[in-house]
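Novice: Let me give you the structure first, and then I'll get to my questions.
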Amino acid sequence: YQVLESVLLRLTVTTRKDDDSWLVLSQRERNQRGTMMPDRTLVFSKIGPADVVILQSAAATPQPVRMTVPSSLFFQECDMRIGTALASDPVLVALLPGNVSASAKTLGLVSPVREGTDSQDGIRLARISASTMRGARVILWINEATGLVSRVLEVPDSRRSGVIRIVKETVYRYDFSRGGSSADFDVTTAYAGARTGIEASSNFTSLNTLIKLASDAASSGSVAGQSPVSRVPHPPSTSAPPVSSTPSGQPPAAVAAQTVAPENQELTPEQMEAIVIVEGSDSVGTGFITRIRDVDFVATNLHVVGGYDKVRVTTLRGATITVGSVFGAIGRDIAILRIEGATRLPSLTLAEDPLKSTKLGDKVVVVGNRRGGGVATQVSGVVRGIGPDRVEVDAPFQPGNSGSPILHLATGEVIGVASYSQRRKLDDLDVGKKSQGTTSQPSAAVREEQRWFGYRADGVSKWESIDQSKWRAQAKRIADFESDSEAIYYALYGDFKKASQNARVRIIVENFVERYQRMKANHVVALQLTGDMLRDLRSASVNGVKELETGVYYDFFRSSHYWETSITEQLRARADLAGRIVTYESNPAAYLSRLTQ
């Protein structure tokens, strides 16, 4: 429930396990300011080994769409079409073990406590209070006689729910005694019955009572949110702004942990058909099928596919798509992979000009392989900014979402390719504070914000063909340069153990440490040894600079906004290190004093 709006969902699962017959009925309705708005109806079933027959509709297209898929894909269809319900419902997780998404399996209850006993329709129910791993408060009512869950009330972590309070109540009804015939699994009959409204027959708690229950649940406490995951600090730069940009397809440690609640699917089944999972040897991301100049391509990020001889592209139905040539956009982290040997596939349309079709505040969704789970999940948000080559949204996509389409819901077009998130500290102007008096005191608590960006797929002026072996060679040179910079940084600040992990800096450090230990009693000699090491570090700081400045590299490495692959950022950090070394060379006593503190 939301203030001024209720969202009603009915999910009915009928099964005969003796012959593996199933029927799933899913409905969604919204009541906004007293007006009922039917949203979606979906019915699909299988009887024994027979194919799955799907019958579905949406409010925008009330006529049902009928299709047939292989019986072996039944649970995959469950996961894709009603996966958000499965991922957040503890009863359905237990009912369909091993057949739902990985995100469903992460749902768990923390510190359950029995609070008392209630009665409903003469049935004695145990009331259990707990928390979920997402930080939400949960109250469960369990039938003491049967052990079955009768009702669940879920209230999200108040620190994460923002201005709108969303409360979810689920009522369960079981009928295990009734038998069943093949007629129970007829999708046409089930669909006809499902088109009736569900609000009147829902028997959910009244809104006023629900709000009180939610307030009581929230006030009883919540699980503390997890701290962001940190990584090794970059070599500091005095001129660099307090911004950290990270490609969302990097390993989870590269991005602060985010908690994303399951959402209702906003894309049509046809649009979902165009989403693909993209895997390299040690990278995983997302992509989507689109047509450029009447040719089918898989679009994704260059940082997802760059450098891999073998890239595996898989549809959500599990079919493998054969791809060939890889092309990279000049100035943007976008790659397109030409699809080989396939007939025309379901595809998403690229917006020709987001400035004309999109307004700030328009709703968008990002559907992709979040954190490499191997399933398509969705996060929603709105457009926060539009630039000449990028769009900013507040949909909190995560590692694994790299390459996902940013879909503009109003037009159904792709306005960007989800690429990276950026975290920065907020200053007084950002948080709306004004200095009082003549002295400005820093805030005790540092505030930060995280932003999400995607590259626009329209208006790419030039594409360059990517040779993966050349890409790997160039990426290695940049990685080696970064490794040298970090080692020089650690040596400069006295962390010789970390500095020695780099073979090129180890010799300088070990030579200094061995000689200094023998001669540290002689202050004059110690200063001379310190000066020698600083000169050696300055010499090391020059190595590789010219090659990066003048060498031939793919445009991605020149225009990249990501620390690890940005030639510009690497050269800037190295120049800053060289300047700091020169400062210490002019006063080796200060450096030596720092080492001995």
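The values are calculated or read from the model by the stated rules, or taken from the named source; none is laboratory data. The model shown is predicted, which means the values in this text are computed figures rather than measured ones. Reconstructed Cβ throughout: ideal geometry from the backbone, glycine too, with neighbour counts over all protein chains shown. Surface areas here come from the heavy atoms of the whole protein model, side chains and all, with no ligands, DNA or RNA. Shrake-Rupley method; radii C 1.70, N 1.55, O 1.52, S 1.80 Å.
Novice: ³J(HN,Hα) across region 272-278 via Karplus (A = 6.51, B = -1.76, C = 1.60, θ = phi - 60°), whole Hz, x for Gly/Pro?
Specialist: Values per residue, Gly and Pro as x: 4, 4, 8, 7, 10, 9, 10 Hz.
Novice: Between Ser461 and Ser559, what is 0.36 nm times their sequence separation minus the Cα-Cα distance? Round to one decimal in nm. List each step's numbers first, then the result.
Specialist: Values: separation 98, 0.36 × 98 = 35.28 nm, distance 1.45 nm.
33.8 nm is the gain from fully extending Ser461 to Ser559.
Novice: Continuing with the same structure: Using protein chains only and a probe of 1.4 angstrom, how many square angstrom of Glu144 are accessible, to the nearest 10?
Specialist: 70 Å²
Novice: Let me ask you something else. In this model, which of Lys476/Lys498; Lys363/Lys462; Lys17/Lys46 are farther than 23 Å apart at the alpha-carbon?
Specialist: Correct reply: Lys363/Lys462.
Novice: Ok, one more. Between Gln517 and Ala590, what's the calculated FRET efficiency when r is the beta-carbon distance and R0 is 22 Å? Round to 0.05.
Specialist: 0.60
Novice: Using a simple spin-label model with points 7 Å from Cα along the Cα→Cβ vector, what separation in nm is obtained for Ser469 and Glu352?
Specialist: In this crude spin-label approximation the distance works out to 4.3 nm.
Novice: So if R0 is 25 Å, what FRET efficiency would Gln422 and Ser483 give, r being the distance between their Cβ atoms, rounded to the nearest 0.05?
Specialist: 0.55
Novice: Order of 379-388, 570-579 by packing, highest average Cβ count within 10 Å first?
Specialist: Details: 379-388: 16.2, 570-579: 19.3.
In decreasing order of mean packing, 379-388, 570-579 become 570-579, 379-388.
Novice: To continue, here is another question. Give a residue-ordered list of calculated ³J(HN,Hα) values for region 113-126 (Karplus: 6.51 cos²θ - 1.76 cosθ + 1.60, θ = phi - 60°; whole Hz; x for Gly, Pro).
Specialist: 9, 7, 9, x, 10, 10, 10, 9, 6, x, 9, 7, 10, 7
Novice: Right, here's the next one. Could you put Phe453, Phe74 in order of accessible surface area, largest first, with the 1.4 Å probe and the full protein assembly present?
Specialist: Result, largest first: Phe453, Phe74.
Novice: What is the extension gain from Asp294 to Val542, computed as 0.36 nm multiplied by their sequence separation minus the C-alpha to C-alpha distance, in nm to one decimal?
Specialist: 84.4 nm
Novice: Between Glu549 and Asp121, what length in nm is gained on full extension when 0.36 nm per residue of separation is reduced by their alpha carbon distance?
Specialist: 146.4 nm
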